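Take a look at the structure set out below.
The values are calculated or read from the model by the stated rules, or taken from the named source; none is laboratory data. Owing to the predicted nature of the structure, the values given are computational and were not obtained by experimental measurement. Every residue, glycine as well, gets a Cβ built from its backbone with ideal geometry; the counts of neighbours run over all protein chains shown.
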């Protein structure tokens with residue numbers, strides 16, 4: 001039984017041209033599947049990425065006495081893919097009872113100037129534009145539009161940990 005050119009009836013052996021065409025199609029489909037899944041996973045992966053909270057140990061809670069805020073320095077590390085960057089920063093930490101701690105961002109909410117604690121007046125003073133904040137971070141006077149920004153803080157095994165991403169507080 002003879003067939004027309006390029007047609008393979010059932011039961012006959014596959015020709016070289018048909019075999020190579022099918023191999024090329026299968027190989028092309030495999031390459032498309034690998035590249036497509038890689039590209040698709042690149043765009044979808046942020047939806048499944050778990051946000052990591054990077055808590056920074058700023059010291060023992062016994063070093064922070066009730067009544068007077070203490071300035072603590074720390075190094076915040078941020079991972080971006082394979083690169084890790086370090087940034088030196090600080091925070092003002094206050095407590096009323098030695099169990100609950102408040103950590104303030106060290107920059108004034110007006111223009112970002114550094115402020116200081118005045119023990120005699122029991123207030124935070126920003127020398128740039130005469131801003132004054134009370135011990136709880138609320139605006140007492142001056143141009144700041146809102147209270148001092150805060151860091152999330154928690155105590156673990158007698159150590160104070162903060163998350164060095166300031167939270168804005170409403171006025």
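Only residues that are at pLDDT 90 or above and either surrounded by fewer than 18 Cβ atoms within 10 Å (Cβ to Cβ) or more than 28 Å from residue 158 (Cβ to Cβ) (or both): list them for segment 92-107, please. Once the filter is applied, which keeps residues that are at pLDDT 90 or above and either surrounded by fewer than 18 Cβ atoms within 10 Å (Cβ to Cβ) or more than 28 Å from residue 158 (Cβ to Cβ) (or both), segment 92-107 yields only 107. The lone criterion from (1) buried (at least 20 other Cβ atoms within 10 Å of the Cβ); (2) in contact with a helix residue (DSSP H, G or I) (Cβ under 8 Å, 6 or more places away or on another chain); (3) in a loop (DSSP other than H, G, I, E, B) left unmet by residue 148 is number (2). Looking only at segment 122-140, residues that are in contact with a strand residue (DSSP E or B) (Cβ under 8 Å, 6 or more places away or on another chain) and not in a strand (DSSP E or B) come to 6 in all. Only one of the listed residues (78, 96) is farther than 30 Å from residue 120 by Cα and touching a residue at least 24 places away in the same chain (Cβ under 8 Å). That residue is 78. Starting from residues that are at pLDDT below 85 and assigned to a strand (DSSP E or B), keep the ones in segment 61-85 and report whichever is farthest from residue 105 (Cα to Cα). My answer is 83.
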